[in-house]
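Engineer: Encoded as structure tokens, here's the structure I'll be asking about.
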Amino acid sequence: MELRAEGIGHRYGALDVLDGIDLSVREGEILAVIGPSGCGKSTLLGILGGLIRPTAGRAAIVGDAPQGCLNALTYVFQDFALLPWRSVAGNVGLALEHHPLSRGERHRRIADALALTGLADFADAYPKQLSGGMRQRVGIARAIVVRPAVLLMDEPLSALDAQTRELLQEELLAIWARERTTTVYVTHNLMEALRLADRIAVLSRRPGRLKDLIEVPVPREMRGEPGHAAALTALHDRLWQSIRPEAAAADREIVDAA
Ligand SMILES: Nc1ncnc2c1ncn2[C@@H]1O[C@H](COP(=O)(O)OP(=O)(O)O)[C@@H](O)[C@H]1O
Ligand SMILES: [Mg+2]
């Protein structure tokens, strides 16, 4: 399925966050959304997912849901949001609770999601027993157990240490390669965007406008090869030059704590 945003604008009271965003997320792609802190990335994702009603424009989902899809859109957030009193399998199964499934189907789906995320041996563990990386694997398993048409990820790896992040990037790509689920991936990490995405949308700040929409010029499976390093470094530098002044402004902003 595809996501289409037309003329999206959003204000929180007097704060003009997003303005005039036209964007299509193509079937089966990973679209990364990058931009400085506070530019409205999470707001845009919330609008695309129907959690936030935009003050202008509209977002729509277009096309047929894939087979076995129970929820068209699912989220993975930075802060896991797991229920501490439920086991890993219980947290993953939560997403299935309002769907009329046989016990067998429920069990199969949970087992499949746990296997895909490397959690098969952790089904009975509780969140507090797990590392941050394992908790986020649970967050990912819970999102994919419904076989969503579109996966919306809001800085899913940003709370993790660098090595765990590296491992989860590899695993996310392996999971994505199986289902090719249309994915919107919000990150402030340019390297992450360059590794995962087919295209990168760059947002400006105050208000957030679509400043650039860039196709990553190297096929995903070849991005680790030395022959392509120069092209990716050049794109990284271009993206950083584009974001840097606003990132610096965001960093130096005095927050009104009233
Ligand atoms: N519910 C809200 N009410 C008021 N202001 C908000 C709300 N959510 C976010 N904001 C503000 O809107 C701007 C964009 O926020 P957000 O979408 O979270 O940006 P990002 O995810 O790019 O950091 C920020 O200045 C933030 O403080
Ligand atoms: Mg955010």
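The values are calculated or read from the model by the stated rules, or taken from the named source; none is laboratory data. What you see is a predicted model; the values in this text were computed from it and never measured. Virtual Cβ from ideal backbone geometry, glycine too; neighbours counted across all protein chains shown. The accessibility values were calculated without ligands, DNA or RNA, using every heavy atom of the protein model including side chains. Shrake-Rupley method; radii C 1.70, N 1.55, O 1.52, S 1.80 Å.
Engineer: Per DSSP H run of at least 4 residues, take -39500 (n - 2.57); add these up for the chain, divide by its residues and hand me the 222 nm value, nearest 500 deg cm²/dmol.
Structural biologist: Working: 7 runs with 90 residues, N = 258.
That comes out to -11000 deg cm²/dmol.
Engineer: Provide the three semi-axes, in whole Å and in decreasing order, of the ellipsoid equivalent to the chain as defined by the square roots of 5 times the Cα gyration tensor eigenvalues.
Structural biologist: Details: eigenvalues 180, 93, 73 Å².
Rounded to whole Å, the semi-axes are 30, 22, 19.
Engineer: So what is the relative contact order for region 80-148, in percent, with contacts set as C-alpha pairs under 8 Å and at least six apart? Don't skip to the end; give the middle numbers.
Structural biologist: Numbers: 77 pairs, mean separation 35.7, N = 69.
The normalised contact order for region 80-148 reaches 52 percent.
Engineer: Then there's this: Considering amide H positions built from the backbone, and no H for Pro or chain starts, which residues 5 or more places from Val33, or on another chain, come under 5 Å of its amide H?
Structural biologist: Residues meeting the criterion, in which the H sits 1.01 Å from N, are Tyr185, Val186, Thr187, Ala201.
Engineer: Just to be sure I understand the model, the point goes 7 Å from the Cα along the line to the Cβ. What's the resulting Glu2 to Asn189 distance in nm?
Structural biologist: 3.1 nm
Engineer: Pulled fully out, how much extra length does the chain show between Gln241 and Ser102, if you take 0.36 nm times their separation in residues and subtract their Cα-Cα distance?
Structural biologist: Values: separation 139, 0.36 × 139 = 50.04 nm, distance 5.32 nm.
Length gained, Gln241 through Ser102: 44.7 nm.
Engineer: If you don't mind, there's one more thing I want to ask. For the chain, what does the accessible surface come to per residue with a 1.4 Å probe? Please give it in Å². Mind showing how you got there, number by number?
Structural biologist: Values: 12860 Å² over 258 residues.
With the other protein chains kept in place, the chain gives 50 Å² per residue.
Engineer: Also, quick follow-up: With θ taken as phi - 60° and the coefficients 6.51, -1.76 and 1.60, list the Karplus ³J(HN,Hα) couplings across region 239-252 in order, rounded to whole Hz; mark glycine and proline as x.
Structural biologist: 5, 5, 4, 6, 8, 3, x, 6, 5, 5, 5, 5, 5, 9
Engineer: Something else: So how far apart, in nm, are the two label points at Asp124 and Leu167 if each is 7 Å from Cα heading toward Cβ?
Structural biologist: Distance between the two pseudo-spin positions: 2.3 nm.
Engineer: Okay, moving on. Among 7-19, 128-140, how do they line up from the highest to the lowest mean number of other beta-carbon atoms within 10 Å? Spell out each step's value before the answer.
Structural biologist: Working: 7-19: 15.7, 128-140: 19.5.
In descending order of packing, they fall as 128-140, 7-19.
Engineer: Now for a different question. Quick one: pull the percent of accessible area on region 80-148 belonging to carbon and sulfur, 1.4 Å probe, ligands and nucleic acids left out.
Structural biologist: On the way: 1900 of 3400 Å².
Its accessible area is 56 percent carbon and sulfur atoms.
Engineer: Then there is this: Report the antiparallel proportion of the DSSP beta bridges in the chain as a percent, rounded to a multiple of 5. Can you show the working numbers first?
Structural biologist: Numbers: 18 of 36 bridges.
In the chain, DSSP labels about 50 percent of beta bridges as antiparallel.
Engineer: I need the P(r) histogram for region 1-148: all alpha carbon pairs, bin width 10 Å from 0 out to the longest distance, whole percents.
Structural biologist: 11, 34, 30, 21, 5, 0
Engineer: Kirkwood-based Rg over Rh for region 80-148 (C-alpha set), two decimals?
Structural biologist: Working: Rg = 10.8 Å, Rh = 11.6 Å.
Reported Rg/Rh (Cα atoms, Kirkwood Rh): 0.93.
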